[in-house]
Amino acid sequence: QSDLETDLILAKLNRNKIPFTRLNSFNLNNYEFWLSFDDSGYSHQLPFDSEKIRAIWNRMPFSLRGVVSKEFSDKENIVNEENFWFIRNVGEQISQALWVNHPSLEERANCKLSQLRKARELGLNIPDTVLTNTRENVRRVYDKHEFIVFKPLFNSGQLYGNDGTLYTTVVTLERFESISDVSRCPGFFQQYIPKLYDLRIKVVGDDIFPIVIYSQEI
């Protein structure tokens, strides 16, 4: 299984002589672990010195649900999911480490309404938005704006592959009128705002790394 981004980062760590341990959920059988709890306390043996771990880079941040894919059999999905949660359980015992990012915080950040509320609290302008399961509330957005967009609440393609991916889509009033009742599948609808570019902003501690993506030119 390829993970080019991780390979590049680890090559950089090697050049800078920074020690690390790489754990892959698909080949945990290459390592030996045991963690034990009883009335006398907690003991463990890990393939690294847990006291020296300062940061955990989480390369599977998309969901607390584990790793499920239609590309694998039911048995393989169960094994993959157990390995995923095994790493999570081990990582949770390294309390002094900084997670980048902690899976529970990643899950919370995936809540689009929470993102909008935080953006407004910080003084950012936000588009007119409605999360609803009624056609009437979607029509209220159309009454104020010529075009609106539909956004998925969860990127299902992460679980089911590209065939299950929904993208942000412009929905004209005529197209909306042809859509079946949204009461069966609630939707996240926003005022359409033409963009010049996308921004991806990474924050690690107090350091901020902005990246501009000119997606409109692709």
Exercise for the section: Using the structure shown, decide if VAL212 is within 24 Å of ASN110 (Cβ to Cβ) and either modelled with pLDDT under 85 or touching a Pro at 6+ places or on another chain (Cβ under 7 Å) (or both). Expected result: no
Practice task
Answer yes or no: is there a residue in the range 172-182 that is on the phi > 0 side of the Ramachandran plot and modelled with pLDDT of 80 or more.
Solution key: no
Practice task
Consider only pairs whose beta carbons are under 6 Å apart and that are at least six residues apart or on different chains; among these, list those whose first residue lies in the range 1-19 and is of a type outside the set (Gly, Ala, Ser) and whose second residue is at pLDDT 85 or above.
Solution key: LEU13/PHE20
Handout entry: Contacts under 9 angstrom Cβ, first residue in the range 205-217 being within 20 Å of ARG54 (Cβ to Cβ), partner open to solvent by 80 Å² or more (accessible area, probe 1.4 Å), 6 or more apart
Key = GLY205/LEU98; PHE209/ARG200; PHE209/ILE201; PHE209/LYS202; PHE209/VAL203
Exercise for the section: Please specify each residue of the range 172-197 satisfying the condition of being closer than 18 Å to LEU116 by Cα and open to solvent by less than 30 Å² (accessible area, probe 1.4 Å). Expected result: GLY187, PHE188, PHE189, GLN190
Problem - Spans of strands (runs of 3 or more DSSP E) in the range 29-139 with at least 2 residues open to solvent by 60 Å² or more (accessible area, probe 1.4 Å) and either modelled with pLDDT of 85 or more or in contact with a Cys (Cβ under 6 Å, 6 or more places away or on another chain) (or both) - result: 34-38, 41-45, 55-57
Handout entry: Hits in the range 1-17 (condition: open to solvent by less than 70 Å² (accessible area, probe 1.4 Å) and assigned to a loop (DSSP other than H, G, I, E, B))
Key = ASP3
Handout entry: Contacts under 8 angstrom Cβ, first residue in the range 103-130 being farther than 25 Å from CYS185 by Cα, partner of a type in the set (D, E, K, R), 6 or more apart
Key = PRO103/ARG88
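The values are calculated or read from the model by the stated rules, or taken from the named source; none is laboratory data. Values in this document were obtained by computation on a predicted structure and should not be read as measured data. For neighbour counting, all protein chains shown are included, and Cβ atoms are generated from backbone atoms with ideal geometry for every residue, glycine included. Keep in mind that these areas ignore ligands, DNA and RNA; they rest on the heavy atoms of the full protein, side chains included. Shrake-Rupley method; radii C 1.70, N 1.55, O 1.52, S 1.80 Å.
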